[in-house]
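The values are calculated or read from the model by the stated rules, or taken from the named source; none is laboratory data. Owing to the predicted nature of the structure, the values given are computational and were not obtained by experimental measurement. Neighbour counts run over all protein chains shown; Cβ positions are idealised from the backbone, glycine included.
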């Protein structure tokens, strides 16, 4: 696997190291330029390059890519998908969103529904929320205790190691939004008839325990960022900064796979398309 862009390491949670969310500022805008027009062109260029490599990945049908997006409500998971994949052909790309588990899912282990959605060869799958909900919301609301939470960290690491050892490349992004910016976005949703459908009154209950969520995220990121499946903390107060950074990470990852078009079968050279 080719080397990835080392400049992205500043956003990576180093495995087996102490980590604090306070080390990365949600309002960081270092990916942006001094021009909105220039940023739009850069994002378009990145999206076009991602599309070209994703086409090869799909045709080659060898590699599997899983992009995990986690973050507080209104952190921009949907917006990330919309902009990062704006130039991509839907062929070979799939979105899996994880809501509250159904009774059917609760009757099984918590990874069952997740494992069923992982990418197949030649596919890029985006998780909008993921198995990490099972060490976040459940821990914040004390539905599991500390011992069970630590067991789940270990199980998740084992699960992701199995995926990587069987050919899946995992990118995990925590969209790091500030509480102040979340307030702004929630108020925008409430005031816009075209966006109010996104608002869920229950989101206010989760906002009320913001500090507990930050501790839960910090602990989860530190416990589950590994060499093969590292976490990236994405400053997300700026939507443009968020989109540019995740686009760069995804593009760097695709380039590292050394993708190639599949070879042309010998018999194809003898085929003649008649007039």
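Worth pointing out:
- Within the option set 28, 78, 55, being farther than 14 Å from residue 247 by Cβ, touching a strand residue (DSSP E or B) at 6+ places or on another chain (Cβ under 8 Å) and assigned to a helix (DSSP H, G or I) holds for one residue only, 78.
- Hits in segment 197-221 (condition: touching a helix residue (DSSP H, G or I) at 6+ places or on another chain (Cβ under 6 Å) and modelled with pLDDT under 95): 198, 199
- Given (1) over 18 Å from the mean Cα position of the chain (by Cα); (2) modelled with pLDDT of 95 or more, index of the condition residue 77 fails: (1)
- Considering only residues in segment 81-118 that are assigned to a loop (DSSP other than H, G, I, E, B), in contact with a strand residue (DSSP E or B) (Cβ under 7 Å, 6 or more places away or on another chain) and over 26 Å from residue 222 (Cβ atoms), the one that is modelled with the highest pLDDT turns out to be 85.
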